[in-house]
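Just below is one structure, and these are the notes that go with it.
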Amino acid sequence: MKETKASKGKKATIPRQPMPAQDSDVRRRNFDEVPLGYTPETARAEAARCLQCRKPACVEGCPVGVDIPAFIHLIKEGDFTGAIRNIWGKNALPAVCGRVCPQEIQCEGVCILAKKGDPVAIGHLERFAADYERLNGSGELPPRAEPTGKKVAVVGSGPSGLTVAGDLVQKGHDVTVLEAFHKPGGVLVYGIPEFRLPKEIVAQEINFLERQGARVECNQVVGRTVSIEELFAEGYQAVYLGVGAGLPRFLNIPGENLIGILSANEYLTRANLMKAYLFPKVDTPIPRGKHVVVLGAGNVAMDSARTAMRLGAESVKIVYRRSREEMPARAEEIHHAEEEGIEFFLLTNPTKYIGDEKGRLTGMECLRMELGEPDDSGRRRPVPVDSSEFAMDCDLAIVAVGSGANPLLTQSTPDLELNKWEYIEADPETGKTSMRGVWAGGDIVTGAATVILAMGAGRKAADSMHKYLTWGW
Amino acid sequence: MFKIVKREEMTAGSVILNEIEAPAIARKAQPGQFVILKANEDGERIPLTMAETNPDQGTITVIYMVVGKSTALFKTLQVGDSYQDVIGPLGKPTHVEKVGTVVCVGGGTGVAVLHPITRALKDIGNNVICIIGARSQDLLIMEDHMRAASHDLRVCTDDGSYGHHGFVTDVLKQVMETEDVKQVVAIGPVPMMKFVAEITKEKEVPTIVSLNPIMVDGTGMCGGCRVSIAGENKFACVDGPEFDGHQVDYDELMQRLQAYCEDEQACMDGDCLIRS
């Protein structure tokens, strides 16, 4: 049915359906998921706001090109099963992406409704479709092509590896995913906290992949337990490297090895993968700071700060040397962190950690900053304000200032060409590396980025790998 | 699952040997490398350097001292029981080279780690003198193994209950006076490695130590195992575990090893052990 101008105008007057969430006073002390999800009624009401643009900008804005107007239309019609099947055509992990994608700079950022008001809540709707299927669906698997007999190894079970595995298994290839940790999921399991992405959802996505015929082998440190050459010798015909960035950066300021200073990688791995927030019920401990400082202002910093609050901190401060505008975290995470009582010390640069005689952290020295001329990244460079030193008490500092390239795999694979930052050189269109039969994508190619960009790289590589397995290099 | 095929209490209840089925690791492991073990679903990841590997049988051997919650849990595992996860081999292998006379110094369970390195140093043609020690005779491990792996074995105990009455460092000093020592390998408690390094630094004898800081993943991802080597941060899991003994900041390492001491204490005194 053709939409009339009048009906479009009416649609735009429906307000964006708010996402119900746990109350901030309650949730700041528990690990349960914060947003509670749409009901079928709110989902259909929200879906009705979509203008069904003829040239949808949202699809262009999605790194994997989900047919957003189509699945939203199906939700509006109440065909939730149809909606999820539509999304699966482009996105193997919708329950994850609906929760962790930075929609405001992707699909929702370019939604036509955003020009005058609130964009369609595309992320919330994607999440709804995936959750509805998980809780009420038939469990029916996507169609799978006839077995090709070609063996593929996917190294790393994070978002890009899972995407490659899902795509190639559906094309009939024999896929094995090799994970270094004892549990699959990569950053979805060790990095993103339970309150933002319940681990049950990740487990179910992996299970979904296994039901389609992919094998997942944990405790396989490729580069140590087995080399890439050995994988080929074992009969694998194509290898995808999606091992993540995985080398924590520190600030390299005095006192950084005091007890009570952890990389965000370590802190979040303890909390998420090892479930240390349940210590001593589980065996892995985690430092519980009273006054916690988190250095950095990306998603990882927000996750760390909110975890510290849930572990009982009296105060949690985000310390960031630039201003609010430059904070790289998702808007929703910053908003949630503020609601939960996290304080923001912006334009503040730590210069030194202070400890006691037992080598334990007791505080930090910082400098106030102001913004100067733009730097290489195009952002205004923070410069110190003269004589602005001040001290801050803290007994736990979490360093969340980004990651570098983990050399473990690349050092043991000399044929793999690296760029000057030691990330793997891969063709941006195909993911092909300098080694025949080896593809790479995600953070080990681009440096730390987002779940969805890693999935986009995985999708392109899977297409290229399928062509190779069918027709050759 | 990784089944325990052999278990031995090497000293009265405090030092345990486990031989574990792990064919992929056994095939690849070299002296000096470590594995991470996790007993069960809720278990902690514990790094242990391998004392032995048997590629034909597909097994690896670890020897550990019961010091905290997780090793107390490991101790309850019997032959036929399994570790849920064993990951490895991790870390860089020992650089083994023919240099002449080498002294291998081991203390406590460090002796277990030292064993395959000692054997490799002997096999490549070095004259290997070995000094091992423990607090008392009943805590001494692998004496026969070490005798077989070296040309000359000296044993000491802190309390004089067996062998030389005193520390391994006393014997090391004597050996260094009479022998032309080209290299020292020291593995044991951090203070022991620190004092060995002080002695050998004076004489400018290259010294390798193997460090075992707190770590989580063992693949360079968490940075928990960072150690100061010549004033620069290194990760023991991927840059080590072996380092130039003269460059290590031992005092910082000793402090960092205490990070979770209070948590461990609370657990060991409380209910935690009851479930095992």
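The values are calculated or read from the model by the stated rules, or taken from the named source; none is laboratory data. These numbers come from a predicted model, not from an experiment. Cβ placement follows ideal geometry from the backbone for every residue including glycine, while neighbour counts extend to all protein chains displayed. To get the accessible areas, we keep the full protein, side chains included, count just its heavy atoms, and leave off ligands, DNA and RNA. Shrake-Rupley method; radii C 1.70, N 1.55, O 1.52, S 1.80 Å.
Here are the numbers:
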read-out: Given chain B, longest segment not containing exposed loop trypsin sites (Lys or Arg not before Pro) (DSSP; at most 16 other Cβ within 10 Å); value: B:1-97
read-out: Residues of the range B:188-229 buried by at least 50 Å² on assembly (accessible area, 1.4 Å probe, chain alone as reference); value: B:V216, B:T219, B:M221, B:C222, B:R226
read-out: Diffusion constant of the range A:1-158 at 37 °C, which comes from Stokes-Einstein with the Kirkwood Cα-pair radius and 0.692 mPa s, µm²/s; value: 193 µm²/s
read-out: Given charges at beta-carbon only (K, R positive; D, E negative), |dipole| of the range B:211-266 in Debye; value: 120 debye
read-out: Spin-label pair A:S138/A:D32, simplified geometry with 7 Å Cα→Cβ offset, distance in nm; value: 3.3 nm
read-out: Per residue accessible area in Å² of the range B:211-266, where ligands, DNA and RNA are left out and the probe is 1.4 Å; value: 36 Å²
read-out: Rounded FRET efficiency, nearest 0.05, which uses the C-beta distance separating B:A266 from B:M1 and R0 of 30 Å; value: 0.50
read-out: Cα→Cβ-extended label distance, 7 Å offset, between B:Q30 and A:K420, nm; value: 3.3 nm
read-out: Simple spin-label estimate for B:V79 and A:S227 in nanometres, 7 Å along Cα-Cβ; value: 3.7 nm
read-out: Eligible lysines near B:K201 by straight Cα distance, threshold 18 Å, same-chain separation 8 or greater; value: B:K173, B:K182
read-out: Gap separating the Cα centres of the range A:297-323 and the range B:132-160, nearest whole Å; value: 50 Å
read-out: ³J(HN,Hα) computed for each position of the range A:136-143 - Karplus, 6.51 cos²θ - 1.76 cosθ + 1.60, integer Hz, glycine/proline x; value: 10, x, 7, x, 5, 8, x, x
read-out: Ratio Rg/Rh, restricted to the range B:94-206 and using Cα atoms, in which Rh is the Kirkwood radius; value: 0.93
read-out: Percent accessible area from carbon and sulfur atoms, the range A:32-163, protein chains only, probe 1.4 Å; value: 53 percent
read-out: Stretchable slack from A:Q204 to A:T81, in nm (0.36 nm times residue separation minus alpha-carbon distance); value: 42.6 nm
read-out: Chains B and A together, accessible area buried on both sides, 1.4 angstrom probe, square angstrom; value: 3600 Å²
read-out: Charge dipole (debye, nearest 20) of chain A; +1 at Cβ of Lys and Arg, -1 at Cβ of Asp and Glu; value: 1180 debye
read-out: Selection from B:P241, A:A449, A:T351, by position along the positive dipole direction of the protein assembly as shown (Cβ); value: A:A449
read-out: Efficiency of FRET between A:A331 and B:D158 - r from beta-carbon atoms, R0 56 angstrom, step 0.05; value: 0.35
read-out: Sites A:L278 and A:Q22, calculated FRET efficiency, Cβ-Cβ separation with R0 25 Å, nearest 0.05; value: 0.85
read-out: Solvent-accessible area per residue, Å², over the range A:250-401 with all protein chains present [probe radius 1.4 Å]; value: 39 Å²
read-out: For the protein assembly as shown, fraction of C-alpha pairs farther apart than 44 Å, in %; value: 30 percent
